[in-house]
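Everything on this sheet refers to the single structure shown next.
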Amino acid sequence: MKKTFSVNLGNMVYNIDEDAYMLLKEYLERIEVYFSDEKDREDIMDDIEGRISELFSENLGTGKQVITFKDVEKVIAIMGDPQEISGGVENNHKKVFTEDFYKRPRRLYRDPDNRIIGGVSGGLGAYLNIDPVVIRILFVIFFFIGFGLLIYIVMWIVVPEARTTAQKLEMRGDPVNVSNIGKFVKDEFESVKNSFRRKDK
């Protein structure tokens, strides 16, 4: 009989067995050390924990209530290990699920960072990998034909907004792992900082 612990990740509580808890704890500690010099490390850790929470939720099917050692190994394989990212010692745990195995297709979201009205064009641009200006021009053309506004409003209502870092990475078709989450948060932090500098000039 194994002990189980309750852990809170991404505002969700999970029951996790003792071996899995120790592995997860060590993994999160390695990530904290890896990002310890970053000013925005708290935001990075929040996003990483949120992504791990999403993966745990996917693993918990009908009748399954406890996160196991294998579940945590699978998450580490998907998310990547800081030691591997930095070129350090390889993790001892098998990489059964490679990044290519778990790579997701792009998902359609509204882009809150590249919007004029609702982010529909920005989201479609990211999803189709084309300049959002092209989408906006098409919406204007369809507007004069007579149904552009209706299409835009329907998509604004139906398509969810990309709010989390994981959703923004999925929108661009990037793997949602430790490296990409850290890079995305750092880039976003630098972008906000640069915009404040421009305003101060």
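Has the stretch 96-117 got any residue that is crowded, with 17+ Cβ neighbours inside 10 Å, modelled with pLDDT of 90 or more and hydrophobic (A, V, I, L, M, F, W, C)?
Within the stretch 96-117, one or more residues are crowded, with 17+ Cβ neighbours inside 10 Å, modelled with pLDDT of 90 or more and hydrophobic (A, V, I, L, M, F, W, C).
When both residues are 6+ apart or on different chains and their Cβ atoms are under 6 Å apart, which pairs have a first residue that lies in the stretch 115-142 and is in contact (Cβ under 8 Å) with a residue 12 or more places away in the chain and assigned to a loop (DSSP other than H, G, I, E, B), and a second that is surrounded by 18 or more Cβ atoms within 10 Å (Cβ to Cβ) and not basic (Lys, Arg)?
Taking only residues 6 or more apart or on different chains, the pairs are Gly119/Asp111.
Does Ser121 qualify as being under 25 Å from the mean Cα position of the chain (by Cα), loosely packed, with under 14 Cβ neighbours inside 10 Å and among the hydroxyl-bearing types (Ser, Thr, Tyr)? Working first, answer last.
Working: under 25 Å from the mean Cα position of the chain (by Cα): yes; loosely packed, with under 14 Cβ neighbours inside 10 Å: no; among the hydroxyl-bearing types (Ser, Thr, Tyr): yes.
So Ser121 fails the test.
Residue-wise test of (1) at pLDDT below 85; (2) more than 21 Å from the chain's Cα centre (by Cα); (3) closer than 13 Å to Ile181 by Cα; (4) aliphatic (A, V, I, L, M).
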{"site": "Tyr27", "(1), (2), (3), (4)": "no, no, no, no"}
{"site": "Val33", "(1), (2), (3), (4)": "no, no, no, yes"}
{"site": "Ile48", "(1), (2), (3), (4)": "no, no, yes, yes"}
{"site": "Thr62", "(1), (2), (3), (4)": "yes, yes, no, no"}
{"site": "Ile67", "(1), (2), (3), (4)": "no, no, no, yes"}
{"site": "Lys74", "(1), (2), (3), (4)": "no, no, no, no"}
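The values are calculated or read from the model by the stated rules, or taken from the named source; none is laboratory data. Computed from a prediction, not measured in an experiment: that's the story for all the values here. Note that we place each Cβ from the backbone using ideal geometry, even for glycine, and neighbour counts take in every protein chain shown.
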